[in-house]
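Step one of this worksheet: look at the structure below.
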Amino acid sequence: MYLDPFAGLVHQKPYCTESVRFDFGFLVVFDVKKMPYANQPTVTITEMTEDIIKMVLEETDLSVTNAIRRTMISEVPTIAIDWIQILANSTVLFDEFLSQRIGLIPFTSDEVVDRMVNNRDCTCDDFCQDCAVELQLEVKCTDDVTRHVTTADLISSNPKVVAVTSRHKNSEEGYGEEDDILIVKLAKGQELKFRAFARKGIGKEHAKWNPTCGVAFEYDPDNAFRHTLYPIKEEWPKSEYSELREDQYEAPFDPSGKPRKFFMTTESSGALKPENIVLTGLSVLKNKLSNLQTQLSHEIQADVLTI
């Protein structure tokens, strides 16, 4: 397996042909060999759980780090409900309110999203297995006790695409109804029935396709660059990456310092594994830069021919 997040875009073969090391556990280090330009960035994954990945980017620029952050939020595809037909609704919530709530439910997308076709590119007339996943729900309250309609009541046509709270339903870790996402509450005699289709999309189109709960990074945990003004230094909380002693509240001012080390944390919504969000985001960013370089080279050649 080869990972080179900042590789050159012209050559088909990677510059990095050695020194790629995988240590399975909480520490994974990717060493990138000498690049054909000044920056020689490295990515160190310091913590990785089911929902969060923390990594340290070194020897790169603030613009590159922020581009990675923005790409992971808005350009990584997932699956979400994008079409719904409400067949029966006698609840206290009107159809549009329910549609909004149901559309924001995150669904597991790791094993399916790469093989799915965007609905706008599919050759089918409406929906098919290649571009959509059908989901159904039919619940009616017949008891005097209030009935909670949750994501556990959703029936998916694809067992690999389920609400994120149902992903461990059949595992040995246990499963409780308190983990489900509440859709609506039913009183006796009330009913909710609908049919929906989930499609592939990206966060740039709508927030429901955003695979992250949050992506953040910091580059100056001890405020040596003075990019933040502390009202009261003693009361300002220290970063988890701070290297100061307990009696220190701020590092000495470094007027010529530049951000070169970035501590990034990515939290997944559950739709994708956090490591897949990072890898897909890097791949998307690299493709966008490659397309930009290709288009630029064509324009330069066209200008030369014109002259």
Extension gain (nm, one decimal) between Glu134 and Ile52, 0.36 nm per residue minus Cα-Cα: 26.6 nm
From the C-alpha gyration tensor of the stretch 228-294, square roots of 5λ in Å: 36, 19, 10
Asp143/Val92 FRET efficiency (R0 25 Å; Cβ-Cβ; nearest 0.05): 0.90
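If R₀ is 30 angstrom, what is the calculated FRET efficiency for the pair Ser290 and Arg260, using the beta carbon separation as r and rounding to 0.05?
0.75
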Share of carbon and sulfur in the accessible heavy-atom surface of the stretch 238-298 [1.4 Å probe, %]: 51 percent
Listed residue (Gly257, Gly214, Leu182) projecting farthest to the positive dipole end of the stretch 168-307, Cβ model: Leu182
Residues whose placed amide H lies under 5 Å from that of Val76, excluding near-sequence neighbours: Gly203
Label-point gap, in nm, between Asp179 and Gln248 - each point 7 angstrom along Cα→Cβ: 4.3 nm
Of Lys238/Lys261; Lys54/Lys238; Lys204/Lys288; Lys140/Lys208; Lys160/Lys286; Lys204/Lys286, pairs whose Cα-Cα distance is over 25 Å: Lys140/Lys208; Lys160/Lys286
Computed label-point distance, nm, for sites Ser297 and Tyr230 using a 7 Å Cα→Cβ extension: 5.0 nm
The stretch 189-307: C-alpha pair distances exceeding 24 Å, %: 60 percent
Residue-level accessible surface for Met116, protein heavy atoms, 1.4 Å, Å²: 10 Å²
Per residue Cα convex hull volume in Å³ - calculated over the stretch 66-177: 165 Å³
FRET efficiency, 1/(1 + (r/R0)^6) with R0 25 Å, evaluated for Glu111 and Ser283 via beta carbons: 0.90
³J(HN,Hα) computed for each position of the stretch 70-83 - Karplus, 6.51 cos²θ - 1.76 cosθ + 1.60, integer Hz, glycine/proline x: 5, 5, 5, 6, 10, 10, 8, x, 9, 10, 8, 5, 10, 8
Residues with amide H under 5 Å from that of Val184, placed H, sequence gap 5 or more: Val149
Check: the stretch 48-197 dipole with +1 on Lys, Arg Cβ and -1 on Asp, Glu Cβ, in debye: 420 debye
The stretch 210-241 residues near the modelled Asn39 label - backbone nitrogen below 18 Å, point 7 Å along Cα→Cβ: 216-220
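The values are calculated or read from the model by the stated rules, or taken from the named source; none is laboratory data. This is a predicted model, so every value here is computed, not measured. Cβ: placed from backbone, ideal geometry, glycine included. Neighbour counts: every protein chain shown. Remember, those area values only see protein heavy atoms, side chains included, never the ligands or the DNA or RNA. Shrake-Rupley method; radii C 1.70, N 1.55, O 1.52, S 1.80 Å.
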